[in-house]
Structures are given as C-alpha cells and as structure tokens.
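The values are calculated or read from the model by the stated rules, or taken from the named source; none is laboratory data. It should be emphasised that the depicted structure is a prediction, and the values quoted were computed from it without experimental measurement. Backbone-built Cβ (ideal geometry, glycine too); neighbour counts: all protein chains shown.
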Amino acid sequence: MTRCRTTIDATSNEFPRHRGSLTGKPYRFGYCAQTDPSSMHWPTVKHDLVSGERRAFDHGPGRAAGEPVFVARPGGTDEDDGWLVTFVHDGNDDSAEFAVLDARDFDRGYVARVKLPQRVPFGFHGNWCPDRG
C-alpha cells in the first residue's frame, strides 16, 4: 500500500478544527493554534487547504491561544463566513479571556474580548451550540 503524506505547515500546530457542518465532507479551511513549547506565544492560524495560504492572528507577546472553534454566521454561504472563538491565556499576568475573531478577516482584529474571572487551563476543549432549535 502506498501512503501519501502532505505537510501543510512545518511549524508545530495543535487543536486542528474545521467547520463542524462539513465533518465527513470535503472542506477548504482548517483552523488551529500554533504552539511553541519554549514560549507563551501561540497565534491562531487559518490554513487554506486549496491555495496553501496560511494566515496567523498574533494575540501578542506572552499570550497563547487555545483551540479555535468555528461558529457560522447565520445566513452565510461561504465556508469561512463566521467567527472563530477561543480562549487566550495571558502569561504576562496569568489571566485569560474569551476572544472572537472574524474567520474571513484576521486583519480586522478582535471582534470581541471578554476578560474571564479566572484562568482557563491549557487543553480545555469546547464546542459551539446555538441556543435556538
């Protein structure tokens, strides 16, 4: 049996996700945290699996993003039309926040940031479920 292996990114990446509604189907975009065990600097990354483009959102020095979860924009038709939600640990003051990014436009900056009353541990995983049926 011949195996084919393709390197998407030579850097260390963790917590890979895609748009959940496409599980088991072809998809174009993947999202992850770029990890660096030697530092607390973990950006959120978007991989375009068709063009090979890699976009990174830098949360700042000493700040480490967790697993990004894609949340679709209601009525959106493009695969990446929505938001990425993640927890960000700030090693500068040992705090955490819930952060929202525009999945199509990392240059936009944060859509929202919510300071949390306590730190969220690394390895925390979650999913997004809308509150309407």
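What about Ala56, is it under 25 Å from Thr7 (Cα atoms) and touching a residue at least 40 places away in the same chain (Cβ under 8 Å)?
Yes; evaluated as a whole, the condition is true for this residue.
Starting from residues that are touching a Gly at 6+ places or on another chain (Cβ under 6 Å) and in a loop (DSSP other than H, G, I, E, B), keep the ones in segment 82-123 and report whichever is surrounded by the fewest Cβ atoms within 10 Å (Cβ to Cβ).
Going through the qualifying residues, I end up with Asn92.
Being crowded, with 17+ Cβ neighbours inside 10 Å and closer than 25 Å to Arg5 by Cα: is that true of Val45 here?
yes
Mind listing whichever residues of segment 54-80 are crowded, with 16+ Cβ neighbours inside 10 Å and assigned to a loop (DSSP other than H, G, I, E, B)?
His59, Gly66, Glu67, Pro68, Glu79, Asp80
For the condition under 23 Å from Ala10 (Cβ atoms) and modelled with pLDDT of 95 or more, what is the one hit in Asp36, Asp105, Asp78, Asp58?
Asp58
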